[in-house]
Amino acid sequence: MMRPHTQSPLSLGLDLLRATEFGLGGAAPHQPQGPRVTGRVGADAIEVRAEVPGHGPGDLELTLEGTTLHLTLLGEPHADTGEREKLHEGTLRLPYRVDADSVEATFRHGLLEVVLHRLRPERRAIPVQSAE
């Protein structure tokens, strides 16, 4: 479930992520249209939504590599090889590092919702020793 976020200076110009930035929208007229992808960048989390009607959670591959989120939409398995064709691939460069262990991805009624929580750097005191 998507949680509301208050606006912050960090989200200036990044409130809505558009499908064309994700590389999934704007297909040529002779190609099938990719998922409609939108999102919101908040101070503590990034929320991404992808509409993929007619597909299920097993048709999606979602990976995180550094500050890049990859989304691949897979087609039906080929009868000969069993391999699945990649119908659409897209990447989204995130504005900050996220905690890969706390990413939440849910799929319901053709809607993929992903919440990526900001990775906060560990803070610890560093003792200063005398050089005398």
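Any chance you could count how many residues in the range 99-132 are of a type in the set (Lys, Arg) and either part of a strand (DSSP E or B) or within 30 Å of Thr38 (Cβ to Cβ) (or both)? Outline the logic, then answer.
Residues of the range 99-132 of a type in the set (Lys, Arg): 108, 118, 120, 123-124.
Still in the list and also either part of a strand (DSSP E or B) or within 30 Å of Thr38 (Cβ to Cβ) (or both): 108, 118, 120.
Final tally of qualifying residues: 3.
When you look at His30, is it over 23 Å from Arg120 (Cα atoms), in a strand (DSSP E or B) and modelled with pLDDT under 90, yes or no?
Working: over 23 Å from Arg120 (Cα atoms): yes; in a strand (DSSP E or B): no; modelled with pLDDT under 90: yes.
The answer is no for His30.
Filter the range 98-114 down to the residues that are more than 12 Å from the chain's Cα centre (by Cα), at negative phi and of a type outside the set (A, V, I, L, M) and list them by number. Full working, then the answer.
If we filter the range 98-114 for residues that are more than 12 Å from the chain's Cα centre (by Cα), which is where we start, we get 99, 101-102, 107-111.
Within this subset, residues satisfying the condition of being at negative phi are 99, 101-102, 107-108, 111.
Asp99, Asp101, Ser102, Phe107, Arg108, listed by residue number.
If Arg40 meets every condition in (1) surrounded by 14 or more Cβ atoms within 10 Å (Cβ to Cβ); (2) farther than 15 Å from His117 by Cα apart from one, which number is that one?
(2)
If a residue has to be modelled with pLDDT of 90 or more and under 21 Å from the mean Cα position of the chain (by Cα) to count, how many in the range 115-132 make the cut?
5
With respect to the numbered conditions (1) under 17 Å from the mean Cα position of the chain (by Cα); (2) at positive phi, which one is the sole condition not fulfilled by Glu89?
(2)
May I ask you to say which residue of Gly82, Gly66, Gly54 is under 18 Å from Gly34 (Cα atoms) and either modelled with pLDDT under 95 or touching an Asp or Glu at 6+ places or on another chain (Cβ under 8 Å) (or both)?
Values: Gly82 fails: under 18 Å from Gly34 (Cα atoms); Gly66 fails: under 18 Å from Gly34 (Cα atoms).
Exactly one of Gly82, Gly66, Gly54 is under 18 Å from Gly34 (Cα atoms) and either modelled with pLDDT under 95 or touching an Asp or Glu at 6+ places or on another chain (Cβ under 8 Å) (or both), namely Gly54.
The values are calculated or read from the model by the stated rules, or taken from the named source; none is laboratory data. Note that the structure is a prediction, hence the values are computed from the model and not measured. Reconstructed Cβ throughout: ideal geometry from the backbone, glycine too, with neighbour counts over all protein chains shown.
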